[in-house]
Amino acid sequence: MSLPEPIRRNLLLLVVCLAQLMVILDVSIVNVALPSIHDDLGYTTTGLQWVVNAYTLTFAGFLLLGGRAADLLGRRRVFVAGTAIFTLASVLCAVADTQGTLDAARALQGFGAAVISPASLAILTTSFAEGRERNRALGVWGAMGAIGGSTGALLGGLLTQDIGWPAIFLINVPIGIGVIAASLRLVPEGRSEAEHRHFDATGAILVTVGLVALVYGIVRTDALGWGSAGVLLPLAVGLILIAAFAFVEARVAQVPLLPARIVRMGRLRAANLVVFLLFAAIFTMWFFLTLYMQQVLGLDALETGVGFLPMTLSIVAVTSFTARLIARFGAGWVLTAGLLFGGAGMALLSDVHAGGSYFADVLPGGVLSAIGLGLGFVSGTIVAVQGIEGRDSGLASGLLNASRLLGGALGLAALSTLAASHTSDELASGIQPAAALSDGFHVAFLAGAGICLAGAVVSLLLLRRPAEARAATPEPESA
């Protein structure tokens, strides 16, 4: 018995959003559980970062490859395969009894996420007609990503405190199984009809290893600092490989992984830059607020998670009507407004101090920044996929997700280094630890506000006008 089309579309949206929520949740949910993992598996402080970084590295590094695979091999096939890999890796994480096993399982999780995320966005862009229908779907999808990132601390605290750290991984298993079962019936196959399915193995290897090297260099700054050989060498290798990838795509590849028609799309380039800047600023907010609430205000992990609830609810509220704002004002204007809200929130947060309080120093700026994230992420996603042909939807989705992850990784590395340096200088001059920490956060939040302002300027200059309508909008694909 076939389902009525409106019901089938809503169920499809639910399935894709659940997968996106699962993927994004695992970026943040482990943070609160890190002390327990440290105690159980005997990690050093430096080694513990790889519980997070192993996931981030493979997630960012394989996004373009995952997006292109969705276009060439079929979006349903790739989406289901990625979900299966992610679910299996979650089980391996939960039963890991050594550091190496957990790190390897987290890397496998990241690979699965890199396959799921661009495929999920590609499914939406090809299953919903461009305009109001797609904007609504992308608004819900974007909300799931924002909610997943902001609720990780609360959910991680609840599960770790009541059950134990393996529960933060096992929660993915029933979700993953449900997504796979529903996808086989609801998700269109969506394979490209191109005659040549050349996979551009050389380009795929170069860009994947190059992105991994770049992210590796970025995340190592937390332990080594920007001037160390352990950071500069992988960054240099990454840049060289990305340059080699550009040469191969332009001069060598028969069917490029990144076609010139994609590179020439000015709105896509601008949207990716703005999303990069948005996450370089706002992604760091969750990190610094977590430290401020626990290390300065003295809240425990669960209280900190509860403290993030108003931010999460703000994102939910904003994304519920973002599509209507976009229909009235245009995605570019809403994106600019999101960055301005985010910058204002970060500027308010820069007033944190040792004698502060949650309601005076965290809540106002945190809510304002969350509103900016909700507006910016949804509208940025819509701008980035406007006018993209179905055959390139997976690749465009991979680019957008790579910009988001790389922006978050680079922003966190840069601003945490800035904050740590300022804190060290103040400690050396005799300032009390809580005050020195707060002053470091103050500098980081101000820098984040500046990044948001830069993104708003780019958006205002390059994205305020709506995209030209295509001559013919293809019908959404059906199962």
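Test residue 277 against the criterion of being in the same structural domain as residue 381 (by TED's automatic domain parsing) and at pLDDT 85 or above, and give yes or no.
For residue 277, the condition - in the same structural domain as residue 381 (by TED's automatic domain parsing) and at pLDDT 85 or above - is met.
For the stretch 51-60, state whether one or more residues are within 28 Å of residue 256 (Cβ to Cβ) and not hydrophobic (A, V, I, L, M, F, W, C).
Yes, that holds for at least one residue.
Looking only at the stretch 257-280, count how many residues are assigned to a loop (DSSP other than H, G, I, E, B) and in contact with a Gly (Cβ under 6 Å, 6 or more places away or on another chain).
The qualifying residues number 1.
Could you look through the stretch 152-181, keep only residues that are on the phi < 0 side of the Ramachandran plot and among the small types (Gly, Ala, Ser), and pick out the one that is surrounded by the fewest Cβ atoms within 10 Å (Cβ to Cβ)?
Step one: filter the stretch 152-181 for residues on the phi < 0 side of the Ramachandran plot, giving 152-163, 165-181.
Keeping just the survivors that are among the small types (Gly, Ala, Ser) gives 152-153, 156-157, 167, 176, 178, 181.
Values: 152: 25, 153: 26, 156: 27, 157: 23, 167: 17, 176: 25, 178: 15, 181: 12.
Among those residues, the one meeting the criterion is 181.
State all residues of the stretch 152-167 that are among the aliphatic types (A, V, I, L, M) and modelled with pLDDT of 90 or more; if no residue qualifies, say none.
Our first condition is that a residue be among the aliphatic types (A, V, I, L, M); within the stretch 152-167, this holds for 153-155, 158-159, 163, 167.
Passing the criteria: only 167.
Pairs please, first residue from the stretch 30-56 and touching a residue at least 24 places away in the same chain (Cβ under 8 Å) and closer than 17 Å to residue 98 by Cβ, second anywhere and hydroxyl-bearing (Ser, Thr, Tyr) and not in a helix (DSSP H, G or I), Cβ atoms under 7 Å, 6+ apart in sequence or on different chains.
Here the result reads 37/43; 41/98, each pair linking the stretch 30-56 to a residue that is hydroxyl-bearing (Ser, Thr, Tyr) and not in a helix (DSSP H, G or I).
Among the helices (runs of 4 or more DSSP H) confined wholly to the stretch 24-132, which include 2 or more residues that are at pLDDT 85 or above, closer than 24 Å to residue 203 by Cα and among the polar types (S, T, N, Q)?
Details: elements: 30-41, 45-61, 63-73, 75-95, 99-127.
Output list reads 99-127.
Quick test for you: out of 434, 413, 419, pick the one residue that is under 18 Å from residue 277 (Cβ atoms), touching a residue at least 24 places away in the same chain (Cβ under 8 Å) and not assigned by TED's automatic domain parsing to the domain that holds residue 63. Give the steps one after another, and end with the answer.
On the way: 434 fails: under 18 Å from residue 277 (Cβ atoms); 419 fails: under 18 Å from residue 277 (Cβ atoms).
Matching residue, one of 434, 413, 419: 413.
Evaluate the following for residue 333: is it outside any loop (DSSP other than H, G, I, E, B), of a type outside the set (Asp, Glu) and farther than 24 Å from residue 136 by Cα?
Details: outside any loop (DSSP other than H, G, I, E, B): yes; of a type outside the set (Asp, Glu): yes; farther than 24 Å from residue 136 by Cα: no.
No.
The values are calculated or read from the model by the stated rules, or taken from the named source; none is laboratory data. Keep in mind that what you see is a predicted model, and the values were worked out from it rather than measured. When we count neighbours, we look across all protein chains shown, and the Cβ atoms used for this are built from the backbone with ideal geometry, even at glycine.
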